[in-house]
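First up is the structure itself, then whatever we jot down about it.
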Amino acid sequence: MTRPSSRDRLAARGSALLARSRDVAAAPDEHPAFARVLDQLAPDEARLLWFLHTSGPEPTVDVRVGGLAGRLAPAVLARGLTLVGARAGVRRPERLPLHLTNLRRLGLVADTAEPVADLARYQVVEAQPAVLDAARGARRAHVVRRRLELTPFGRAFVLACLESSCDTVT
């Protein structure tokens, strides 16, 4: 008896997937990646997702130098400086860069060029030592305001996987 090739097995799975997509009577399932995503999250990452879900986008800043009148290519001195970890109450704040990298990798959060609606929220971020130190380290450094937010995939993930269990997150 001949064993189906890897390509044949993949083609059969693809055909079955398309057949399920045509079944309008079937109840919609949650995204199949959600279970694997849960396995790849640290507890503080779940806390960050819940915080972004309940509080909305968070201000972040980049400290840059250059880029004036097209003469100099801008250089990033510090990227993604934020208070989201402190505001969310993460237990391991020193791991925040790792957590945010993982959440971006999984497609749950994204950095956007748009600032948050309330620009006064940036004043607290811009007064932080990490921002001041980065800006002090270069002549003509400037701050670029950005924001961190849940992606549509991230919102769907929180609603499917975290919402019912996070009513009492403190």
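The values are calculated or read from the model by the stated rules, or taken from the named source; none is laboratory data. Please read these numbers as outputs of a predicted model, since none were measured by experiment. Using ideal geometry, Cβ is built from the backbone for each residue, glycine included, and neighbour counts are taken over all protein chains shown.
Things to note:
- Gly107 under 28 Å from Phe34 (Cβ atoms) and at pLDDT below 95: no
- Ala26 being more than 28 Å from Val124 (Cβ to Cβ), among the hydrophobic types (A, V, I, L, M, F, W, C) and loosely packed, with under 13 Cβ neighbours inside 10 Å: yes
- Among the residues listed as Leu48, Leu38, the single one being surrounded by 12 or more Cβ atoms within 10 Å (Cβ to Cβ), out of contact with any strand residue (DSSP E or B) (no Cβ under 7 Å at 6 or more places or on another chain) and within 23 Å of Val144 (Cβ to Cβ): Leu48
- Residue in segment 104-125 that is under 21 Å from the mean Cα position of the chain (by Cα), under 23 Å from Cys161 (Cα atoms), surrounded by fewer than 17 Cβ atoms within 10 Å (Cβ to Cβ) and touching a residue at least 60 places away in the same chain (Cβ under 8 Å) present: no
- From Ala19, Ala11, residue being more than 20 Å from Leu159 (Cβ to Cβ), of a type in the set (A, V, I, L, M) and loosely packed, with under 11 Cβ neighbours inside 10 Å: Ala19
- Residues of segment 95-142 classified as in contact with a helix residue (DSSP H, G or I) (Cβ under 6 Å, 6 or more places away or on another chain) and more than 24 Å from Glu45 (Cβ to Cβ), total: 1
- Test: Leu150 is farther than 20 Å from Val65 by Cα, at pLDDT 90 or above and surrounded by 13 or more Cβ atoms within 10 Å (Cβ to Cβ): yes
- Considered as a group, the residues in segment 63-86 that are surrounded by 15 or more Cβ atoms within 10 Å (Cβ to Cβ) and of a type in the set (Val, Ile, Thr) include one that is modelled with the lowest pLDDT, and that residue is Val65.
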